[in-house]
Structures are given as C-alpha cells and as structure tokens.
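Engineer: Got a structure for you, questions after.
The values are calculated or read from the model by the stated rules, or taken from the named source; none is laboratory data. This structure is a prediction, so every number in the text was calculated from the model and none was measured. Cβ atoms come from the backbone with ideal geometry, glycine included; neighbour counts cover every protein chain shown.
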Amino acid sequence: MHRVLALSNWAEIPAQLREHPADLLVFTPLCCADGAEPRIAWMLRHHPEVGLLLYTDLEGGGREAWRFGRFGVDDLVVEGVDDGRHDVRRAARRALARALGRQVGRAVRGRIPPLLERCLVRAIDGAIRPMTAEDLAEPEGLDVGSLMHRLRSEGLPPTGRILRWGRLFRAAAALDRDEHSVEAIALALGYSTGAALSRAMRRDIGHPPSTLRERGGLQCAIEAFLNREGPAGPGPGLVLH
C-alpha cells in the first residue's frame, strides 16, 4: 500500500512529511506557481524517496510536462486525457520507480563507479516493464557490446546482473512498504512464482523475504549490492559475514 500526499498548498508539505511520511506527492502547477524550480529542488534534495507526480490540464499538458520534467518531476497525469484509474496507477508506479532509483542512486553514489550507478538506476526505473541490455546501453550512446566491454574492463557486473538487481531492489522496497504476499510482489515484478523471488533474494541479498521484512529490505539490498557488485566485490552468490 502506498502512502500518497495530496495538498493544495506547497508550504504545508515539509510539516506534513515530518508527521506523515509519504511515498508519492501529487500536486498541480498552481501549488508552486510562485517558484516551482526551487520547491522541487528542495524535495529532490531532502526527500529523494518521494515520487513527484504532476496533475495538470490539457491546455498546459505539453508545456508543463517539459517545464516540470526539466525541474525533475517524475511523471504527470493530464486531466481528461489519461486520468482514468488505471492511467493514474501506471503514472504513479512510474513515479515511484524513478524515486526508488533516485534514492538508491544517492545511497551508492561515490561508492561505485558512475557508469554502474547510472546503469543501476536505469534498471530500477524500468523494473516495472520488461527491460533489455539495450535499455542500459542506449542512454550511454553505446551499443550493447561496447557497454559490456566497458563494464568488464572496469571489473563491474554484466548487464544481465544489473537488470536482475533492478528487480531485486523493487522487490526489496515492496517488502518494506507493502502488506502483499511475496507471491503477489513476485508476479507484479515478472518472477514466475514467489519461490523464485525468494531464491533470488537468498542468493543475491543473503536473506529470505521474511528476514528482509524484519530488517528492512531496501537497506539490506543496498548493502548486499555494494558488497557483491562493486569493483572490489566478490561477485554474486557469496554471503559476506
């Protein structure tokens, strides 16, 4: 279950987030008409874990999408165009995925090479849909073979493992937030069964889902990733003590 914060006055947001931590902030352009860029920058700096979803009208759709996208908003919904229940859910999932990528990227920044950080964030951003190595390579201006060569030359994991970690981070975050069963989380992220997700978590993070729920799945996943997949890491399948 996601915690959504929807307010009409941006000035209320800092206090509300202190009292009621949220996963997603839904707002309109009018909320920050007196200074959108610094307000969004404040959110990204102080609450990178919160997804930012803009709700705008058809007249301002293209213009606001460009302007707020430049400021760092994660996604938008246009009134009367894609504001049906399923459309809003899809936009919210995309915003939450980008926020998770941002949160993890900040946690690993400076501890892994920039190339790996960028690829990992892309893998997390895209974990709600089928992703391929091309999705990691294209933003780098590389073909898959060139990206694989660069990763290998820097002692970094191959694209397949990076994509696998993208799904694992999404699953670990879901365990922290959701009351859904492991089976439901697994199926939502493209695993064949809950048992398949459990095996992947034991192999790569070092704990079963029940333990991750108790200890904090996302933090455990971050620590495991840094230990295993950084330049000096021992690789997958090894549990560090």
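Engineer: Could we say that V78 is at pLDDT 75 or above and in contact with a strand residue (DSSP E or B) (Cβ under 9 Å, 6 or more places away or on another chain) here?
Structural biologist: Against the criterion (at pLDDT 75 or above and in contact with a strand residue (DSSP E or B) (Cβ under 9 Å, 6 or more places away or on another chain)), V78 qualifies.
Engineer: Could you list, ordered by first residue, the pairs with Cβ atoms under 6 Å in which the first is in the stretch 121-133 and farther than 13 Å from R98 by Cα and the second is modelled with pLDDT of 90 or more and not in a loop (DSSP other than H, G, I, E, B), at least 6 apart or interchain?
Structural biologist: M131/L163; A133/V144; A133/T159
Engineer: Tell me the residue from A133, A137, A95, A65 that is within 26 Å of G216 (Cα to Cα) and hydrophobic (A, V, I, L, M, F, W, C), please.
Structural biologist: Exactly one of A133, A137, A95, A65 is within 26 Å of G216 (Cα to Cα) and hydrophobic (A, V, I, L, M, F, W, C), namely A95.
Engineer: Say whether the condition of being at pLDDT below 85 and of a type in the set (D, E) is met by at least one residue in the stretch 52-61.
Structural biologist: Yes, because at least one residue in the stretch 52-61 is at pLDDT below 85 and of a type in the set (D, E).
Engineer: While we're looking at this one, here's another question. For the stretch 69-84, which residues satisfy the criterion of being free of Cβ contacts under 8 Å to residues at least 24 places away in the same chain and touching a Lys or Arg at 6+ places or on another chain (Cβ under 9 Å)?
Structural biologist: D82
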